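Structure record follows, encoded as C-alpha cells.
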Amino acid sequence: MDRLLTGLQPSGALTIGNYCGGISQIVNYQDKYETFLFVPDMHAITVPQDPEALHRNIINAIAMYIACGVNPDLPNMHIYIQSENLYHANLSWIFECHTPHGDLTRMHQFKAKSAKNEAFTEGLVTYPDLMAADILLYDAKYVPTGIDQKQHVELARNLADRFNNRYGELFVVSEPLIPVIGAKIRDLQNPEQKMSKSTDNPKASVFLSDDEKVIRKKIMSAVTDSDGKIVFDEENKPGVSNLLTIYSAFSGCTIEDSVAKFEGGGYGDLKKAVAEVLVEKLTAFQDKYNKILASGTIDEILDAGRDYSIKIAAEKYEQVRRAVGFGRI
Ligand code: AQP
C-alpha cells in the first residue's frame, strides 16, 4: 500500500476549510492508502499558544477527525502527536542546514503570518523544513492538502530531490493531493483571503464545533457583492463563488449543479441553503464528537500511533544520519 500523510495544526478549533482541504480527503482515501495522520503541535507553537488551550485542542482535534469519518480501527490508519516522536525535530534540523534562507522567507504563509507580528520567531521561518521532515520520514507518496500548503509540499519535494542527488536514494518524492472542490475555502468577511482557524474576526470562519444558530448567523452575514447574480467566478465574485463551493463540498454536488440549482434566485436563498447543508453535516459530526470524547479511547489510539510512527521514523532517520556523516562510522 502506498503511504499518505497529513496533519492539521491544533492552533484553534478546526474550520470547514480544514475539513475540505484535509480531513475529507483522508476519509476518501483511507481504504486505499496506509495513512499517517498526526497532530502538528510543534507547528502550532510557531505562533504564540496558550499551553492549556493547546493540550485541549490536540485531543479535540483527534476526536473531530474521528467524528468526521476517519476510522481509527483500520490496521493501516496511524494517528499520533508530532511532539511525541522526536525524530521530526531531528530531521528538521538536518533540513534547516540544507535549505537556503531565501527559500523559506519567500513562502506565502511566512509572509502572511510575519506581516501580522513583527516579533515573529525563527520557528515561523523554518516551519516548512519541519513539515518536510513530517512528510519525508515516512516515505509518504501522497500529501492531501488545500492550496495554501501546496508551496510547502513543493519545498519538501525539492529537499527530497536534493538529498537523493547528493547522498543517494533516501526519500520518496511526495505529491500533493488537492481537492477538486474546496481547495481554498474563503474567509466569509473578506473573501479575498482564505478561511483560517486563527482569525481575529468572529464572523470570518465556520468552525466544525459551531452550533446551529452560530452557523446560520455567520453564513447569512457572509460578504457577497452588489450585482445580485449567482455565477461561479472566483476572481470577480469571490464571496458568491465561496458560498457555491461550500454548498457543493458539503452536499456532494458539482459546482455546475450548484450553479444550475441557484441561478436566477437571490443571494438570501443561496445563503439559507448553504447554512442548511452545513447545519445538517456539522451537527452530525458534533454528536459523534461528543461521544468519542466521552468514550475514553483516544489515549489508546495515540499510544499505538506513537509507537508505530517512532518505529518507521527511526529507520529513516538512521539512514539519513549515516548519509550526512553524523556520529561514528
Ligand atoms: N481555507 C482553507 N481551504 C481549504 N483547505 C484549507 N486548509 C487550511 N485552510 C484551508 C487545509 O487544512 C489542512 C490543515 O491546515 P493546518 O491546520 O495545518 O494549517 P493552515 O493551512 O495554516 O490552516 P489554518 O486553518 O489557516 O490554520 P492557522 O490559522 O493556524 O494558520 C491543510 O491541508 C490545509 O491546506
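Of all DSSP bridge pairs formed entirely within the chain, close to 10 percent run antiparallel. Any chance you could check the Cα centroid distance between segment 104-126 and segment 212-280 for me, in angstrom? If you average the Cα positions of each part, the centres end up 33 Å apart. Normalising by residue count, the chain has a Cα convex hull of 140 Å³ per residue.
Applying D = kT/(6 pi eta Rh) to segment 157-229, where Rh is the Kirkwood radius over alpha-carbon pairs, T corresponds to 4 °C and eta to 1.567 mPa s, the Stokes-Einstein value obtained is 83 µm²/s.
In the structure shown, do any of LYS116/LYS271; LYS111/LYS316; LYS141/LYS184 have a Cα-Cα gap over 25 Å, and if so which? Exceeds cut-off: LYS116/LYS271; LYS111/LYS316.
Which length gain, in nm to one decimal place, applies between SER226 and ALA112 when the Cα-Cα distance is subtracted from 0.36 nm times their residue separation? Before the final figure, lay out each step's value.
On the way: separation 114, 0.36 × 114 = 41.04 nm, distance 2.85 nm.
Between SER226 and ALA112, full extension yields 38.2 nm more.
About the centre of its Cα atoms, segment 212-289 shows a dipole size close to 460 debye [charges on the beta carbon of Lys, Arg (+1) and Asp, Glu (-1) only; nearest 20 debye]. For CYS253, the solvent-accessible surface computed with a 1.4 Å probe is close to 40 Å², ligands and nucleic acids excluded. The charge dipole of the chain, taken about the Cα centre with unit charges on the Cβ atoms of Lys, Arg (+1) and Asp, Glu (-1), comes to about 260 debye, rounded to the nearest 20. Spin-label pair GLU169-ASN28: with each label point 7 Å from Cα along the Cα-Cβ axis, the two points sit 3.0 nm from one another.
The aspartates and glutamates within cross-link reach of LYS281, meaning a Cα-to-Cα straight distance under 18 Å and a gap of 8 or more places when in the same chain, are ASP210, ASP211, GLU212. With 24 Å as the limit on Cα-Cα distance, the pairs of LYS113/LYS291; LYS217/LYS237; LYS194/LYS217; LYS150/LYS261 that go past it are LYS113/LYS291; LYS150/LYS261. I'd like the distance between the alpha-carbon centres of segment 19-36 and segment 127-199, rounded to an integer number of Å. A separation of 15 Å, based on Cα centres.
The values are calculated or read from the model by the stated rules, or taken from the named source; none is laboratory data. What you see is a predicted model, and the numbers here were worked out from it, not measured in a lab. Note that we place each Cβ from the backbone using ideal geometry, even for glycine, and neighbour counts take in every protein chain shown. Remember, those area values only see protein heavy atoms, side chains included, never the ligands or the DNA or RNA. Shrake-Rupley method; radii C 1.70, N 1.55, O 1.52, S 1.80 Å.
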